[in-house]
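Notes for the one structure printed next.
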Amino acid sequence: MSKLGALGAKLYRGEVGYDFVGKRFLWYGVSILITITAIVALAVQGLNMGIEFKGGAVFTTPKTTVSVAKATEAAEEASGHDAIVQELGTGGLRIQISGVDTDAATDVKKKLAADLKVGEADINADLVGPSWGEQIANKAWTGLGIFMVLVVIYLAIAFEWRMAVAALIALIHDLTITVGVYALVGFEVTPGTVIGLLTILGYSLYDTVVVFDGLKEGSKDITKQTRYTYSEIANRSINGTLVRSINTTVVALLPVAALLFIGGGFLGAGMLNDISLSLFVGLAAGAYSSIFIATPLVVDLKEREPAMKALKKRVLAKRAAAVAKGESPDEAYEAEDEPQVVAQGRPGRRR
């Protein structure tokens, strides 16, 4: 068995573990700081909306010897607007200019043909109206709203309303951070970005549900015992799925990192940045929120219940009594569990 596998087995059995729940206010503080930074970035810099949302023109040229830098300068001079130029695999160029209407596009096309030394008829021009981008945005918001409602309903039925609320907060947390990163780095927001954002919601929810499922199983008939408090069982659930969460996240991040850093950065395929950045940041944020945010929030909500308060009081009282008798808490629990072992047909321990 590998070292990671052995660690996972020990975490699952509760032999080792990290107190995630006990340090939850530290994680809350980190998340609040990151979220505030994201909101400030959105307020100050805003999002760099792509041509699909602002409207404009996209010109595709045949093979040319003109460099990207010179083509950018020529496009901006011809249109009077900022231009984004990308080199295609065919040797041609893709020139994206926002704010260009139908009448202006014809003049821009003529000037580009002259500056880039290609035939005007060989340049393909596609016009995008801002209303199309607005329709995409509205549909994305509608889809997001429906998704959130369905998530809350499902989790409230499958688990309980506290877990539904915690999962919803975690999803909003992931979206805010991802959008804030887009504002900070200035990457364009395109339909690919929207697809990436919707994709990470499913991944984040999956990771959260895995932890919640372990918590639901571990907290069954919790008030009938006096060994663990609810927060301790929640912490054991997180530790029990920790290695699985890490493995899943790493495996998911590796291909996305290749798209972002190699495809978009090293190879210069800028269009890959649209979806890869949202996936990369969202996957990392989703793994973080399922461990450090969602489950601790459930604990905070659950331990407000009178039954959980009473359980915690009994557990702490029993541990204090064991210490007063000079026993370790484990010995006290073994004595408590012994009658059940005998009832199952196993020989009891003699004292």
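Brief remarks on what is shown
- The one condition in (1) in a helix (DSSP H, G or I); (2) at pLDDT below 85; (3) under 38 Å from the mean Cα position of the chain (by Cα) that Y333 fails to fulfil: (3)
The rows are residues; the columns are (1) modelled with pLDDT under 85; (2) more than 21 Å from V68 (Cβ to Cβ).
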{"position": "A125", "(1), (2)": "yes, no"}
{"position": "V128", "(1), (2)": "yes, yes"}
{"position": "S131", "(1), (2)": "yes, yes"}
{"position": "I136", "(1), (2)": "yes, yes"}
{"position": "T142", "(1), (2)": "no, yes"}
{"position": "V149", "(1), (2)": "no, yes"}
{"position": "L155", "(1), (2)": "no, yes"}
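- Against the numbered list (1) farther than 30 Å from Q135 by Cα; (2) modelled with pLDDT under 85; (3) touching a strand residue (DSSP E or B) at 6+ places or on another chain (Cβ under 9 Å); (4) part of a helix (DSSP H, G or I), D115 comes up short only at (3).
- Note on segment 148-191: residues that are part of a helix (DSSP H, G or I), surrounded by fewer than 21 Cβ atoms within 10 Å (Cβ to Cβ) and of a type in the set (F, W, Y) amount to 2.
- Note on segment 100-122: residues that are exposed (fewer than 15 other Cβ atoms within 10 Å of the Cβ) and under 17 Å from E77 (Cα atoms) total 7.
- Here A320 clears all of (1) under 16 Å from K224 (Cα atoms); (2) without any contact (Cβ under 8 Å) to a residue 12 or more places away in the chain except the condition numbered (1).
- The conditions of being of a type outside the set (V, I, T), modelled with pLDDT of 85 or more and in contact with a strand residue (DSSP E or B) (Cβ under 9 Å, 6 or more places away or on another chain) are met by E73.
Each row is one residue, and each column tells you yes or no for (1) more than 27 Å from P191 (Cβ to Cβ); (2) in a helix (DSSP H, G or I); (3) modelled with pLDDT of 85 or more; (4) open to solvent by less than 20 Å² (accessible area, probe 1.4 Å).
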position: E232; (1), (2), (3), (4): yes, yes, yes, no
position: T249; (1), (2), (3), (4): no, yes, no, yes
position: G265; (1), (2), (3), (4): no, yes, no, no
position: L272; (1), (2), (3), (4): no, yes, no, no
position: I275; (1), (2), (3), (4): no, yes, no, no
position: F280; (1), (2), (3), (4): no, yes, yes, no
position: I293; (1), (2), (3), (4): yes, yes, yes, yes
position: K309; (1), (2), (3), (4): yes, yes, yes, no
position: K318; (1), (2), (3), (4): yes, yes, yes, no
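- Scanning segment 198-207 turns up one or more residues that are open to solvent by 50 Å² or more (accessible area, probe 1.4 Å) and either farther than 19 Å from K139 by Cβ or among the aromatic types (F, W, Y) (or both).
- Against the list (1) open to solvent by 30 Å² or more (accessible area, probe 1.4 Å); (2) part of a helix (DSSP H, G or I), the condition A125 fails is (2).
The values are calculated or read from the model by the stated rules, or taken from the named source; none is laboratory data. Being a predicted model, the structure only gives us computed values, none of them experimental. Here the Cβ is made from the backbone with ideal geometry for all residues, glycine too, and neighbour counts use every protein chain on show. For the accessible areas, the whole protein counts, side chains as well, though only heavy atoms, and no ligand, DNA or RNA atoms are used. Shrake-Rupley method; radii C 1.70, N 1.55, O 1.52, S 1.80 Å.
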